[in-house]
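Structure record follows, encoded as C-alpha cells.
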Amino acid sequence: MKNQILNLTEDEQDEVVKRYYNNEPISNIIDDFNLDLHPKQLFMNLPPEVLNESCGMCGEVLIRKRLPRNNANAIGDYRKYCSKCKHTEERFCYCQHCRRKEEIEDWDEESLNNPEMTDVWLQQNKKKRINIHSLSLKDEIYLAVMLIKYSFKNSNYRRPLIVFTDAFAPTDKFSLKIIDRLYKRNIIAIYHRAEDEFPEIKDYNRSNFAYSTRNIYWSVNVESDFYNSSEMINRLLNPKELCEKDYLKMLQLWKRIALHELIEYYNFNAQKFFKMNNKIKKKTKKELFKMLDCYSVAEIYSIINKATNSTLRHQAVKKTSKNDVSKKINQEIQSIGKKVKVKNLKFKKHIRNKECPESTLSKFFFEKVIKIGDAGFYERPSIDWIKK
C-alpha cells in the first residue's frame, strides 16, 4: 500500500503530524484528511522528521523515523540518516558510500603482500601508444566504460577512482582489477600531472615511483591511423554489431558481471541484517557462479534472501556469534546450490535492490554491447539472448 499521507500537500502533512502529537483522536485525523487507514496505521505512515543537519557524505538533509507519541523511550530504529544516500553516523552503516569504502579497504588489505596489485609504476620512459584496432572486444568495453565514467569535458585525462561515490563495476574490487588490466596492457597511462600527487618512491636509483590505483589521474593511451580522437571515442561508445566469434566471450563477461552483482547483494545483506562485513567464501562464489547456468541474477537474489532468512532464524534460536553467522549463511547458499543440481527448483524474480544500483559497466554492456537491457538482470545468461 502506498503511503497516503505523502500524497497530501506539505502543509497538510505538517497538520497531520501536529494534531497527532497534540493527542487528538486518531480517528478524527483520519476522517478529516480522508485517509483510508486503520488507526494503528497512522503512526507508521507519518512522514519522517526532517532535521537541521546535513549528511557528511553527500550534503543532503538528515531525517529520522518519528517516535510514537507518549513514548519517548520506544524501542526501534530511530537513527538519523541521509534522505538521499541513507548514510548514518552509527558504527555500522551499509549505505553505498560506506560499502565502497569498506570494499576499498578490504582490497588494499588483501593485496598488501602483492604490491603489483596495489601500486602502479611510473617509469621515466613514456609508454608507447596502443593502436585501437589491436584491442580485444573486452578491453574496448572496459575503456568505453572508463570514458563514460571518468572523463572531464574538454580534457584528455580521467579523474581518480576515489572521487566517485557510484559504481564503475558492481564491486569495487572488480573496478580496480579492470583498471589494473588496462594499465598493464598500456591501454591507459598515468597522466603527467600525477607527478605532483606525492608519489611513494620505491627505487630512487631506477627512478621508479608507486601510486595508489584509486588516487591516480589516468590518460587514454590509444591511437589510430584512420580516426581522430572524437572518432575513436565514438567508435568505443557505440560498439559494432557482435559476430558469432564474440558470443562465447560476451557470455563469459555477462556471467562475470552477474557474479559480482550477486557478491554486491550478498555483502549488502550481510551488513544490513548482521551488521558485519561478511567476506564471501570461495566455495560460495563457485556455487553462485554455477547457479548462473540455471538462474538469472534476479532469481538468485531469492536464493540469497532465503539463505539470509534461514541464518536469521538460526541466530535468533542459537544466539550464535558473528563467526558462526558468517559460516551459516555461506553454508546455506552452498546447500541450496547443491540442491539445484538435482532438483528443478523455481525461484521468484526479485527487482534490483535500490541500495545496489546498476553499475556503469552493467548498463553499458547490457544496453550498448549485447543490447538486451534489463534482461541482463532478469534472464539467465545464455548465448541465445546475445544472438537476439
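The values are calculated or read from the model by the stated rules, or taken from the named source; none is laboratory data. As the structure is a prediction and not an experimental result, all values here were calculated from the model. Positions of Cβ are backbone-derived with ideal geometry, glycine not excepted, and every protein chain shown enters the neighbour counts. To get the accessible areas, we keep the full protein, side chains included, count just its heavy atoms, and leave off ligands, DNA and RNA. Shrake-Rupley method; radii C 1.70, N 1.55, O 1.52, S 1.80 Å.
Tabulated values for the structure
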| quantity | calculated |
| --- | --- |
| Single unsatisfied condition, K327 versus (1) outside any loop (DSSP other than H, G, I, E, B); (2) under 18 Å from I263 (Cα atoms); (3) at pLDDT 85 or above; (4) open to solvent by 40 Å² or more (accessible area, probe 1.4 Å) | (3) |
| Residues within segment 206-231 that are in contact with a strand residue (DSSP E or B) (Cβ under 7 Å, 6 or more places away or on another chain), modelled with pLDDT of 75 or more and in a loop (DSSP other than H, G, I, E, B), tallied | 2 |
| Lone qualifier among L259, L237, L292 - being in contact with a Lys or Arg (Cβ under 8 Å, 6 or more places away or on another chain) and without any contact (Cβ under 8 Å) to a residue 60 or more places away in the chain | L259 |
| Hits in segment 303-324 (condition: crowded, with 18+ Cβ neighbours inside 10 Å and polar (S, T, N, Q)) | T308, T311, Q315 |
| Of all residues making up segment 277-302, the number that are open to solvent by less than 20 Å² (accessible area, probe 1.4 Å) and either part of a loop (DSSP other than H, G, I, E, B) or among the aliphatic types (A, V, I, L, M) (or both) | 9 |
| In segment 1-14, the residues that are part of a helix (DSSP H, G or I) and touching a residue at least 12 places away in the same chain (Cβ under 8 Å) | I5, L6, E12, Q13 |
| Pairs with Cβ under 9 Å, 6+ apart, first in segment 365-388 and farther than 15 Å from A144 by Cα, second among the hydroxyl-bearing types (S, T, Y) and assigned to a helix (DSSP H, G or I) | G376/S362; F377/S362; I383/Y247; I386/Y247; K387/Y247 |
| Conditions (1) open to solvent by 10 Å² or more (accessible area, probe 1.4 Å); (2) farther than 22 Å from K173 by Cα: number failed by K272 | (2) |
